[in-house]
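Below: the structure, in structure tokens.
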Ligand code: SF4
């Protein structure tokens, strides 16, 4: 008899082939349910070389290549020595094997500094700096590739953590930017994001990656340790172990109230007065960051 590789919340057991089928159909259902692919869409993948983005890229490539189209991917090299350089190698090998054209954009080339340099100068949360640079460059370069959507590898755990973090910090307006498809307010320069892995857990992604034999490292970014997110992640995992279904409960109730949050909190997107990129404020976060960095 085939080995059991996974048992779900309802105690249903899965062999390798059953799990792969279950996982892929859950992702495809998410894509259909939220209309992630619309007619005429050009999807660009945001890839990092880690398990989530590689899994998302593999499933999307399978769907898109059956239509006779070719996918392109963007990897943002934020300049995290000893970490990003290793995932870049994994991403290059993966994309070559899958026939995906990979574009690597370096923050050092674009802004003349990487995250490691920024942390020596600025007393800021590394993930805030990293996220600002990444979002900015992804949008800018996906637009150059004429993308209409950017697919990211966010999974259910990532999203549940972010929802709780925003709640704990009283930042509900930030939650308006979450959800399986984001950036609903139209702006010609802003590329909407889709999250095909929205309803699969981190554990499920790890099992899928292992069963599929993807050559990725399961190492964590050195800046991810001892952060607010890592604390929320640990507590959420403890809750899930004690009370199975906690993470799904957070996500499902969030999706129910998301339209009301967006109605109330969604900021109008304008062009940044300095760089002309789309922004929720008159000067975008990237231009503010550049100013801080150059002042020091
Ligand atoms: Fe960037 Fe933070 Fe993620 Fe590291 S943990 S890659 S610094 S967002």
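For the stretch 167-182, which residues satisfy the criterion of being in a loop (DSSP other than H, G, I, E, B) and exposed (fewer than 14 other Cβ atoms within 10 Å of the Cβ)?
Start the filter on the stretch 167-182 by keeping residues that are in a loop (DSSP other than H, G, I, E, B), which leaves 169-171, 176-180.
Selection gives 169, 170, 171.
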(message) Can you confirm whether residue 18 is away from the ligand (no atom under 16 Å from the Cβ) and either part of a loop (DSSP other than H, G, I, E, B) or in contact with a helix residue (DSSP H, G or I) (Cβ under 6 Å, 6 or more places away or on another chain) (or both)?
(response) no
(message) On the basis of being under 25 Å from residue 70 (Cβ atoms), within 16 Å of the ligand (Cβ to nearest atom) and in contact (Cβ under 8 Å) with a residue 60 or more places away in the chain, does residue 145 make the cut?
(response) no
(request) Report whether or not residue 206 is surrounded by 14 or more Cβ atoms within 10 Å (Cβ to Cβ) and under 27 Å from residue 5 (Cα atoms). (result) yes
(request) Enumerate the pairs (first residue in the stretch 1-14 and at pLDDT 90 or above; second residue anywhere and assigned to a loop (DSSP other than H, G, I, E, B)) with beta-carbon separation below 8 Å, excluding pairs fewer than 6 apart on the same chain, so at least 6 apart or on different chains. (result) 14/8
(message) If residue 208 satisfies all but one of (1) in contact with a helix residue (DSSP H, G or I) (Cβ under 8 Å, 6 or more places away or on another chain); (2) farther than 15 Å from residue 46 by Cα; (3) part of a loop (DSSP other than H, G, I, E, B), what's the number of the condition it fails?
(response) (3)
(request) Go through (1) over 25 Å from residue 54 (Cα atoms); (2) in contact (Cβ under 8 Å) with a residue 24 or more places away in the chain; (3) away from the ligand (no atom under 16 Å from the Cβ) and name the single condition residue 211 misses. (result) (1)
(request) Please determine, by comparing only the residues of the stretch 216-239 that are surrounded by 13 or more Cβ atoms within 10 Å (Cβ to Cβ) and outside any helix (DSSP H, G or I), which one is nearest to the ligand (Cβ to nearest atom). (result) 221
(message) Anything in the stretch 240-286 that is surrounded by fewer than 17 Cβ atoms within 10 Å (Cβ to Cβ), more than 20 Å from the chain's Cα centre (by Cα) and part of a helix (DSSP H, G or I)? List them, or say none.
(response) 241, 242, 246, 249, 253, 256, 257, 259, 260, 263, 264, 265
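Scan the stretch 8-31 and tell me whether some residue there is over 28 Å from residue 241 (Cβ atoms) and within 19 Å of the chain's Cα centre (by Cα). Explain how you work it out, then say what you get.
Within the stretch 8-31, the subset over 28 Å from residue 241 (Cβ atoms) is 28, 31.
Next, only the ones that are within 19 Å of the chain's Cα centre (by Cα) stay: 28, 31.
Yes.
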(request) Name the single residue, out of those in the stretch 183-205 being over 15 Å from the mean Cα position of the chain (by Cα) and assigned to a loop (DSSP other than H, G, I, E, B), that is nearest to the ligand (Cβ to nearest atom). (result) 190
(request) Return the only residue of 31, 64 being modelled with pLDDT under 95 and surrounded by 14 or more Cβ atoms within 10 Å (Cβ to Cβ). (result) 64
(message) If a residue counts only when it is within 16 Å of the ligand (Cβ to nearest atom) and over 17 Å from the mean Cα position of the chain (by Cα), which strands (runs of 3 or more DSSP E) contained entirely in the stretch 33-138 have at least 1 such residues?
(response) 101-106
(request) Output the residue which, of all residues in the stretch 144-166 that are within 9 Å of the chain's Cα centre (by Cα) and closer than 23 Å to residue 103 by Cβ, is surrounded by the most Cβ atoms within 10 Å (Cβ to Cβ). (result) 151
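The values are calculated or read from the model by the stated rules, or taken from the named source; none is laboratory data. What you see is a predicted model; the values in this text were computed from it and never measured. Ideal geometry is used to build each Cβ from the backbone, glycine not excepted, and the neighbour counts take in all protein chains shown.
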